[in-house]
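S.K.: Below are the structure tokens for one structure; questions will follow.
The values are calculated or read from the model by the stated rules, or taken from the named source; none is laboratory data. Source: prediction; values computed, not measured. Note that we place each Cβ from the backbone using ideal geometry, even for glycine, and neighbour counts take in every protein chain shown. These area figures cover heavy atoms from the full protein model, side chains too; ligands, DNA and RNA do not enter into them. Shrake-Rupley method; radii C 1.70, N 1.55, O 1.52, S 1.80 Å.
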Amino acid sequence: QKAAMASLLSVVPTLTKRARAPSTAQLRSLRFFGSRSAWKGPYFEIDLLYAARKAQEDLQALRRAGKAVIQKDAIRTQSRRSTIIPEFVGLRFEIHNGKDYKPITITEDMIGHKLGEFSPTRKRAIHPGKDADSK
């Protein structure tokens with residue numbers, strides 16, 4: 001999968017700029033994303049990519065200035081269907097679960113999964129237990 005991630009990094013700029021189509025070798029390496037057609041690449045909202053790049057630039061500016069590197073605001077999104085791409089690693093997202101936003105920090109293990117997988121939409125049912133005194 002690491003080789004596929006390396007080729008994904010080279011495909012993402014071509015997806016956003018629409019400069020030229022990715023090569024067949026790059027497309028073959030994207031097949032681990034599942035049922036989505038390989039030539040389309042991973043699905044993600046383009047606004048998320050722009051927000052992630054902006055956040056990464058802000059963090060780089062803080063690093064250059066020698067200040068504490070903390071992402072001030074999390075990126076809020078309702079796009080649960082977006083695939084996590086390598087540019088999202090290390091950023092904080094708030095993912096909508098239908099009622100409120102759940103904070104998530106993206107790690108390398110999450111690449112290739114969907115954002116919605118990390119923000120459950122249902123609560124566990126808590127059933128009352130049998131009391132020992134009610135016999």
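S.K.: Any residue at all in the range 95-106 that's charged (D, E, K, R), touching a helix residue (DSSP H, G or I) at 6+ places or on another chain (Cβ under 8 Å) and open to solvent by less than 70 Å² (accessible area, probe 1.4 Å)?
M.R.: Taking the range 95-106 as the starting set, the residues that turn out to be charged (D, E, K, R) are 99-100, 102.
From what is left, the residues that are touching a helix residue (DSSP H, G or I) at 6+ places or on another chain (Cβ under 8 Å) are 102.
After this cut, where a residue has to be open to solvent by less than 70 Å² (accessible area, probe 1.4 Å) as well, the list is none.
Among the residues of the range 95-106, not one is charged (D, E, K, R), touching a helix residue (DSSP H, G or I) at 6+ places or on another chain (Cβ under 8 Å) and open to solvent by less than 70 Å² (accessible area, probe 1.4 Å), which makes the answer no.
S.K.: Specify which of the listed residues (R63, R81) is over 30 Å from S37 (Cβ atoms) and without any contact (Cβ under 8 Å) to a residue 60 or more places away in the chain.
M.R.: R63
S.K.: Could you say which residue among L30, L8 is at pLDDT below 55 and either crowded, with 18+ Cβ neighbours inside 10 Å or closer than 23 Å to T121 by Cβ (or both)? Steps first, please.
M.R.: Numbers: L8 fails: at pLDDT below 55.
Of L30, L8, the one residue that is at pLDDT below 55 and either crowded, with 18+ Cβ neighbours inside 10 Å or closer than 23 Å to T121 by Cβ (or both) is L30.
S.K.: Just one of R20, R122 is more than 16 Å from the chain's Cα centre (by Cα), at pLDDT 90 or above, loosely packed, with under 12 Cβ neighbours inside 10 Å and not β-branched (V, I, T); which is it?
M.R.: Matching residue, one of R20, R122: R122.
S.K.: Conditions: (1) in a helix (DSSP H, G or I); (2) at pLDDT below 80. A61 meets all but one. Number of the miss?
M.R.: Going through the list (1) in a helix (DSSP H, G or I); (2) at pLDDT below 80, A61 breaks only (2).
S.K.: Just a yes or no: is a residue in the range 94-103 modelled with pLDDT under 90, out of contact with any Leu (no Cβ under 9 Å at 6 or more places or on another chain) and of a type outside the set (D, E, K, R)?
M.R.: No, the range 94-103 contains no residue that is modelled with pLDDT under 90, out of contact with any Leu (no Cβ under 9 Å at 6 or more places or on another chain) and of a type outside the set (D, E, K, R).
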